[in-house]
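Structure, as structure tokens:
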Amino acid sequence: MTPSTDLQLLDWQLDGPVATVWLNRPPVNATDQQLYREIHTFFRDVEHYLPQARVVVLAGRGKHFCAGNDLAEFRTLDPDNAPEQLTRAREAFWAIYDSPYPVIAAVHGVAVGSGLAIAASCDLVVAAEGARFATPEVNVGVLGGAKHLSRLVPQGMVRLMHYTGDLYPAEQLLPYGGIVTITTEDRLLDTARELARSIARHSPVTLRLAKRSLNGIEYQDLKSGYEFEQGKTRELSGYADSKEAVNAFLERRDPVYTGR
């Protein structure tokens, strides 16, 4: 699974252009400083670890995707040590969000707190039946997760989930669009990988620029966002894959991409 020993809490494998990465910190994949560091290291350099990939599926070993932050760390949190610890969490989330590859979260069991933030840092979320989501920070005397949650549900639901700290089933969140589909748990990885393959058929250079474009426009207004997208079209036009895409479409044949 793992080609090197520098990362102990992540497993991964490659199947053609689709990679699957697992959080692997038993028993419930609770995040701690080491797991944050490893997520940051891996996704910051994902092209080093997975040079042949085009899309990544992010899943969790065991019964849960991620049950949130290891609460033992919160017991020692204070204004002096908080900045360093919170920075590591941010860096992990941002590394997933900024990954050059599209990332699909495959969520089963629970995704709460930092687990929800990890899932919401991905481009897309696929959930198993009965999967549950929560931002329970108020239950344990911390804050955070609401901004990530806003990528999955509208503001009213964000506030309801954040103030209550309760678990909400994927089925209740599905209509808001942040979860793209719900499937049986035994089909979860297959469903996520099928979605990944439907993305991975496109040019790798186009996917990288599309990821940068989507991240760039997410919170821009219409005019600024479209101008930003046009800038990425200009950049993409310098690549051979751009011409191959349009030529293959006009010639009614499958494209042959080189990543150049």
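No lab work stands behind these numbers, since they all come straight from the coordinates. A quick note: this is a predicted structure, and the numbers were derived from the prediction, not measured. No Cβ is skipped: glycine too gets one built from the backbone with ideal geometry, and neighbour counts run over all protein chains shown.
Quick check: Cα centre of the range 51-99 to Cα centre of the range 24-41, how many Å?
The distance from the Cα centre of the range 51-99 to that of the range 24-41 comes to 6 Å.
Using θ = phi - 60° and the Karplus form 6.51 cos²θ - 1.76 cosθ + 1.60, what ³J(HN,Hα) does each residue of the range 132-140 get, whole Hz, x for Gly and Pro?
10, 10, 7, 10, x, 4, 5, 6, 10
If the elastic network links every pair of Cα atoms under 10 Å, which of Glu227, Glu185, Glu244 fluctuates the most in the Gaussian network model of the chain?
Ranking Glu227, Glu185, Glu244 by mean-square fluctuation puts Glu227 first.
Return one number: the angle in degrees, 0 to 90 and rounded to the nearest 10, between the long axis of the Cα atoms of helix 82-97 and the longest principal axis of the Cα atoms of the chain.
Roughly 30 degrees, rounded to the nearest 10.
List the residues, sorted by chain then number, that are 5 or more residues from Arg54 or on another chain and whose placed amide H is less than 5 Å from its amide H.
So Arg54 has HN proximity to Val18, Ala19.
Once amide H atoms are built 1.01 Å from N in the peptide plane, which residues 5 or more positions from Val110, or in another chain, come under 5 Å H to H?
Placed amide hydrogens put Phe65, Cys66, Arg132 under 5 Å from Val110.
Taking neighbour counts of Cβ atoms within 10 Å as a proxy for exposure, in what order, fewest first, do Ser224, Ser242, Ser114, Ser203 appear?
Fewest to most other Cβ atoms nearby, the residues stand as Ser224, Ser242, Ser203, Ser114.
For a distance above 30 Å, tell me the whole-number percent of Cα pairs in the chain that qualify.
29 percent
Roughly what % of Cα-Cα distances in the range 112-260 sit above 20 Å, to the whole percent?
Here the long-distance tail beyond 20 Å is 60 percent of all Cα pairs in the range 112-260.
Across the range 36-41, in residue order, what do the Karplus-derived ³J(HN,Hα) couplings come to in whole Hz, using 6.51 cos²θ - 1.76 cosθ + 1.60 with θ = phi - 60° and x for Gly and Pro?
Once rounded to whole Hz, the list reads 4, 4, 5, 4, 4, 4.
Using the count of nearby Cβ atoms within 10 Å as a rough guide to exposure, how do Phe228, Phe249 rank from fewest to most?
Phe249, Phe228
For Ala59, enumerate residues with amide H under 5 Å from its amide H, sequence gap 5+ or separate chain, H modeled in the peptide plane.
The answer is Val21, Trp22, Leu23, Ala106.
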